[in-house]
Amino acid sequence: MRQKYAVPFVIVVGTLIFGVLSVIFTRYPMLPEAASAQAHHVDNAWHGLLVVEGVIYSLVMAFIFFCLWRFRAHRREEQGDRIHGSRGHFVEAVWVLSSVALTLGLAALGSQELRALIRDPEADIDIEVRASQFSWEFYYPRQQAYGSKLFMEIGKRHRIILTSQDVVHSFWVPEFRIKQDAVPGKVISMILTPTKLGEYTLLCNQLCGWGHTDMTAQVEVLAHEDFDKNVGGADSF
Ligand SMILES: [Cu+2]
C-alpha cells in the first residue's frame, strides 16, 4: 500500500473502529443507572470525554495498522523500509496546537458541568454525615434523629454535610454519581436530589484503612410519607 493512501486508509479504518466501539459502549454501558438530578451533569462530561477519546483512539489505531502494513519487512529482508524524513515542524505544530485546544476544550466542558452542579446551594433537607473508620452515621438536625442507614426523600434537595472523625473518607453512591471527600477538621457540603425510589449502597471511595472495603451503608430513597415515618418519629434507626 502506497504512502498516499495513508489518509483515506486512516479515515475509513478509523471510522470502522469507532463504529465498533460505539456499538460496544452503547450495548454495554459502563455507568449504572442514573438516580439523581445531578447525575446527568457528570454523565455529560463522561460521555463527552468518551467520544473524544474514542475518536483519537480509533484514528491512532488505524494509523498504527497502516504503518504495520506499509513499513513491514519483505521476504529476505531483516528490516522494512526506512522512514526518510517527515513533515517535521508542521506535524509537530499541528500536534501541539490540537492537544492544547483539546485540553482547554475538555477543561471548559468539565468546569461548565461543575458550575451547574454547585450553582444552587439551597436545600430542602439537611443531613449530617459523619464518617469514621469504618462506618457511617447519619443525623437529621430538623427531626433530631440519627442512624446507620441513609434515608432520603425522592425529588427533594438534600444538603449532605460531611465530616470525618479520623482520616479522609469519601462519600459515593455510584447511581447518584457525585463523590465527595470527608476531610478531618473540615465541614464539606454537597447537594443531592434523588430521582428514583429504591435501595442503593453508599461506598467509601478513599482508601482509609484495613476495613475500607467494608465501609458501606444502605441508602433508601422513599416517598414523602415513608420518609417522615422512618425519620420523623424515632430518635434513632
Ligand atoms: Cu474508606
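Hand me the tally of lysine pairs in the chain: alpha carbons under 21 angstrom apart, and the pair either on different chains or 8 or more positions apart. Before the final figure, lay out each step's value.
Details: LYS149/LYS179; LYS149/LYS196; LYS149/LYS229; LYS156/LYS179; LYS156/LYS196; LYS156/LYS229; LYS179/LYS196; LYS196/LYS229.
Lysine pairs meeting both conditions in the chain amount to 8.
Taking the Cα centre of each part, how many Å lie between the range 118-190 and the range 1-46? The distance from the Cα centre of the range 118-190 to that of the range 1-46 comes to 35 Å. Distance between the modelled labels on SER99 and TRP210, one decimal in nanometres: 4.5 nm (7 Å Cα→Cβ projection). Expressed to the nearest 5 percent, the antiparallel share of DSSP beta bridges inside the range 125-232 is 70 percent. DSSP bridge analysis restricted to the chain gives an antiparallel fraction near 70%, rounded to the nearest 5.
Relative contact order of the range 111-226, please, whole-number percent, based on alpha carbon pairs below 8 angstrom and at least 6 residues apart. Working shown, then result.
On the way: 264 pairs, mean separation 32.6, N = 116.
In percent, rounded to a whole number, it is 28.
For LYS149 and SER111, the FRET efficiency from 1/(1 + (r/R0)^6), where r spans their Cβ atoms and R0 equals 22 Å, is about 0.05.
To the nearest 20 debye, what is the magnitude of the charge dipole of the range 125-232 about its Cα centre, counting +1 on the Cβ of each Lys and Arg and -1 on the Cβ of each Asp and Glu? Working shown, then result.
Values: 11 positive and 13 negative charges, 64 e Å.
It comes to approximately 300 debye.
For ILE64, the shell of other residues with beta-carbons less than 15 Å away shows a net charge of +2, using +1 for Lys and Arg and -1 for Asp and Glu. Dipole size of the chain about its Cα centre, with +1 on Lys/Arg Cβ and -1 on Asp/Glu Cβ: approximately 1540 debye, rounded to the nearest 20.
Express the relative contact order of the range 1-150 as a whole percentage, based on alpha carbon pairs under 8 Å and six or more residues apart in sequence.
Working: 87 pairs, mean separation 32.0, N = 150.
It comes to 21 percent, rounded to a whole number.
No lab work stands behind these numbers, since they all come straight from the coordinates. Values in this document were obtained by computation on a predicted structure and should not be read as measured data. Neighbour counts are summed over all protein chains in view; Cβ atoms, including those assigned to glycine, are modelled from backbone coordinates with ideal geometry.
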